[in-house]
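Heads up, the thing below is written out as structure tokens.
The values are calculated or read from the model by the stated rules, or taken from the named source; none is laboratory data. All values reported here derive from a predicted model rather than from experimental measurement. Heads up, the Cβs are rebuilt from the backbone with ideal geometry, glycines too, and the neighbour counts pull from every protein chain shown.
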Amino acid sequence: MTNSLISVALSTIGQDKPGLVSALTEALTAVAGNIADSTMTRLGGQFAMILLLEFPTEAAWLQFQQALLGLEEKLGLVFTHKRLAQVILPAHLVAQNPAEKPHRSYLVSVAGRDKTGITFEVSKLLAGFEANITDLNAHSISGEEGMVYILVVEFDCPKTVPHETLDAELQALGTRLSLEVRLRSVDAIAL
Amino acid sequence: MAILKIYKYPHSVLREVGERVTVFDEALQTLVADMVETLYNCTGAIGLAAQQVGQPLQVFVMDMAAASTKDRLRVYVNPEIIASSRNKTMREGCLSFPEYLANVKRPQKITVKAQDQWGQWFEHEATLLEAVCIQHEMDHLNGVLMIDRIESLKTDWITRQPKPIAAELAEEEVETP
């Protein structure tokens, strides 16, 4: 990404149908736009999409906005978009060598009988360690004894927090809420 | 024979390390026969571990042809991997996680040593899907689940939508390292 590019976050959710992505990318290609990052999934039976788009010029971005209006009518979706400022990360946050990073990456899986506040309790605990959640997947499924909630969270936690401390706190939370909690490090190994 | 109940995550029996089998008696033969019948009752499934039917033992059954001819049944008791090759990522499903798939990296060629249901030792070399299935089932015997094997939530953990499929394992290769 260069400074001259225009970055835009675009999101939508609605009824899934064939050709949705194709129609959107066709409009994007027509203005020489680029998908820098994307998440597309089905959420509660609906198609949900968040795209990070880049446009070469202001005119291209304006032209794409016009195309979006037509796409909304054609696809029966409503798009929301937000212009993003350029974010330049400090070097220590983009270091590729895990040894140079100020944090460790973890993945925690939490599962148990569905009840209000599981995600809140887990995220509150992590926030208390100044951990930063980088991805989260939550799903309620029907289990043998009612609904089961499965939450998987990927997060970065400062290296100053010992793995054992983090695990002990999460296990205590699991015991308190009758949840299975599994924490593990997912740091890449530098070879 | 009987069709057994399949335990789903997060049932605690799935986290139990299976005991080694030392007695190859009638009870074991019955369990194996029931596991085989249960396996064949799950459309698309090719493997089933004892933990999944609530028995924490070092036993699993597998039939790579379960979806069609049902003629490649193998029973593994007290299995050990004695050789393995480089890793490959495959997409796995699990009867105990009927709503998820996971991309898991495992050796694509293994040699496994195990006993059959009568206690006779054998060695078997397996590749690709069969090798993955054996390792997936051996994980069950040690209380390890596919959610413990993923490396990235974004790329390796997939919500299966909208219809849960009762496939035990593995539909496609997703990466060749």
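Observations on the structure shown:
- Residue within region B:59-77 that is in a loop (DSSP other than H, G, I, E, B) and closer than 20 Å to B:Ile150 by Cα present: no
- Residue match in region B:29-41 (condition: outside any helix (DSSP H, G or I) and in contact (Cβ under 8 Å) with a residue 60 or more places away in the chain): no
- Long-range neighbours under 8 Å by Cβ, at least six apart or interchain, first residue among the small types (Gly, Ala, Ser) within region A:23-39, second part of a loop (DSSP other than H, G, I, E, B) and modelled with pLDDT of 85 or more: A:Ala32/A:Pro56; A:Gly33/A:Pro56
- When the residues of region A:67-98 are filtered to those that are assigned to a helix (DSSP H, G or I), of a type in the set (A, V, I, L, M, F, W, C) and surrounded by 10 or more Cβ atoms within 10 Å (Cβ to Cβ), the one that is modelled with the lowest pLDDT is A:Leu93.
- Per the listing B:Val13, B:Val21, B:Val53, the residue uniquely within 14 Å of chain A (Cβ to nearest Cβ), at pLDDT 95 or above, surrounded by fewer than 19 Cβ atoms within 10 Å (Cβ to Cβ) and under 13 Å from B:Leu141 (Cα atoms) is B:Val13.
- Count of region B:85-121 residues, restricted to those that are of a type outside the set (D, E, K, R) and in contact (Cβ under 8 Å) with a residue 40 or more places away in the chain, is 18.
- Failed criterion for B:Val61 (all others in (1) farther than 20 Å from B:Val132 by Cα; (2) without any contact (Cβ under 8 Å) to a residue 40 or more places away in the chain hold): (1)
- When region A:1-40 is filtered for residues that are of a type in the set (Gly, Ala, Ser), outside any helix (DSSP H, G or I) and loosely packed, with under 12 Cβ neighbours inside 10 Å, the ones remaining, listed by number, are A:Ser4, A:Gly19.
- Region A:119-161: number of residues that are farther than 14 Å from B:Tyr100 by Cα, in a strand (DSSP E or B) and more than 8 Å from every other protein chain (Cβ to nearest Cβ): 9
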